[in-house]
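Read through the structure below, which is laid out as structure tokens, and then see the notes.
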Amino acid sequence: MQTGKAVTYVDERGISHAAIVTAVWPGEYGADKEPGINLVFVSHDEKKTDDYGRQTERRSSVVHRDAQKAHGNYWML
């Protein structure tokens, strides 16, 4: 995994977002031995629109779906 790579982020509500990796944290998680990452994505919330368009949102220390026991808040390729 590397900074700038495109991934899919699934938020806490189960909504998928196209996302970009902004940082990769050392360590290996899950069956695929994927790292934790920080990422940025375009908000799906229409209320988060301004003169520049839809705002971005960030998440940090997001684990791969194989390492996430809860529904949502994970990344996958």
Scanning for something modelled with pLDDT under 95, loosely packed, with under 13 Cβ neighbours inside 10 Å and of a type in the set (D, E), does segment 47-62 turn up at least one residue? yes
Give me a count of the residues in segment 48-68 that are closer than 12 Å to V21 by Cα and among the polar types (S, T, N, Q). 2
If you go through segment 1-17 one residue at a time, how many are assigned to a strand (DSSP E or B), closer than 16 Å to P35 by Cα and among the hydroxyl-bearing types (S, T, Y)? 2
How many residues are under 13 Å from P35 (Cβ atoms) and out of contact with any Lys or Arg (no Cβ under 6 Å at 6 or more places or on another chain) if we restrict to segment 66-77? 4
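The values are calculated or read from the model by the stated rules, or taken from the named source; none is laboratory data. On a predicted model such as this, the values are computed, not experimentally measured, just so you know. Note: ideal-geometry Cβ built from the backbone for every residue, glycine included; neighbour counts use all protein chains shown.
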